[in-house]
Amino acid sequence: MQSKSLSSSYILTADIGGSHITVGICDLRTYGIVSQSIIRAEVNSKRSITDILTSWTNALQEVLRKNTVPQVSRLSVAMPGPFDYEKGISYITGLDKYEALYGVNIKQYLADLLEMDPQLILFRNDAESTIAGEVLTGAGKGYINVMGVTLGTGFGSACSKAKVTKDINLGSIRYKDSIADDYLSTRWFIKRYYELTGAKLTGGVKQLAQIAVENTVARDVFKEFAVNMADFLSGPIKQLTPDVLVICGNIAKASEFFLPQLARELSSVHIKLGQLDENAPLIGAAAVFDNKILPASINSVKQ
């Protein structure tokens, strides 16, 4: 199936994670993900340029092949930084992922592969995409001023006012002896649990949550995380005065062990967990096309 019209509301949309890519089709009329369009594929982010981009394009093409909607004419990508989101060039380095893509024009690569006009491929920061999705149709819907964080392999953050969502990159701000990202991400849990017990967490926060059911030390680690998070966020919350704080990401799945403590520490703001899971960044990324003026004609998307 080939796209023939820019009036189509259907957007091929992708979320790039540290170890995976999720792809689906978003209908901008409803900000909904088309039923059964999503696939999730593992990606080894430490491999070569060819291996990484082949994994991504295989996932994109698989969704296009099984697509049942009439037209898909554009592509949006939620992408971690550092990244030139306008030009589509990766500047990720020193993060133990996607090092091989440094300086690569990913927009042009995807345009050539899918036979698209590069102007029809837009990138958006992954945390910004996630919070934008939650604002449009999830936990942040109905609020004017939203602040959101994503908790996972890294610490992402964004704020939204009247549905205009922007990355605020709190993770790079100085905190204690390092930066916030080092205290509010998966690697902090692994490091802290090892310091206290000498045991290594091979399964990350998911494993720690399983241990915490019957282990006081593990529960204390979650409580310490909550205290750190509240301590760090108190300043931005005071400055931004959000109506709600939305918490997303894989670490949020263990919220029963840290959210009660966090709520006590941040009693001045209403806290909600994200509701859309992997759909949030797909929807938020696709939404960048809402107010874009696009060229009058394009090549067909190769499907």
- Query: In whole Å, what is the distance between the alpha-carbon centres of the stretch 192-271 and the stretch 73-103?
  - Reply: 28 Å
- Whether the stretch 1-100 is rounded, prolate or oblate, judged on the alpha carbon gyration tensor where a/c under 1.5 counts as rounded: prolate
- Under a Cβ-Cβ cut-off of 14 Å, what is the net charge of the residues other than residue 223 that fall near it, where Lys and Arg count +1 and Asp and Glu count -1? -2
- Within the chain, what's the longest run with no GluC sites (Glu not before Pro) in a DSSP loop and at most 14 other beta-carbon atoms within 10 Å? Give the range, please. 116-213
- Partners for residue 66 among lysines (Cα-Cα distance below 20 Å; same-chain residues under 8 apart left out): 4, 302
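Determine the sum of side-chain charges near residue 142: Lys and Arg each +1, Asp and Glu each -1, restricted to other residues whose C-beta is under 13 angstrom from that of residue 142.
So the surrounding residues net to +1.
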- Query: Among all the aspartates and glutamates, which ones have a C-alpha under 13 Å from residue 46's C-alpha, if same-chain residues fewer than 8 places away are not counted?
  - Reply: 96, 99
- Going down the table (107/161; 223/272; 141/238), which pairs top 26 Å between alpha carbons? 107/161
- Taking Cα atoms of the stretch 164-206, Rg/Rh with Kirkwood Rh, to two decimals? 1.12
- Over the Cα atoms of the stretch 106-199 the radius of gyration and the largest Cα-Cα distance (Dmax), both in Å, equal 17.5, 54
- Using just the C-alpha positions of the chain as equal point scatterers, what log10 of I(q)/I(0) does the Debye formula give at each q in 0.12 1/Å? -0.79
- When N counts the residues of the stretch 148-273, how does its alpha-carbon radius of gyration compare numerically with 2.2 N^0.38 Å, as a ratio? 1.03
- Message: Within 14 Å, Cβ to Cβ, of residue 186, how many net charges do the neighbouring residues add up to if Lys/Arg are +1 and Asp/Glu are -1?
- Response: +4
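Each value in this text was obtained by applying a stated rule to the coordinates, not by laboratory testing. Just so we're clear, the structure is a prediction, and the values are computed from it rather than from any experiment. We place every Cβ from the backbone using ideal geometry, glycine too, and count neighbours over all the protein chains shown.
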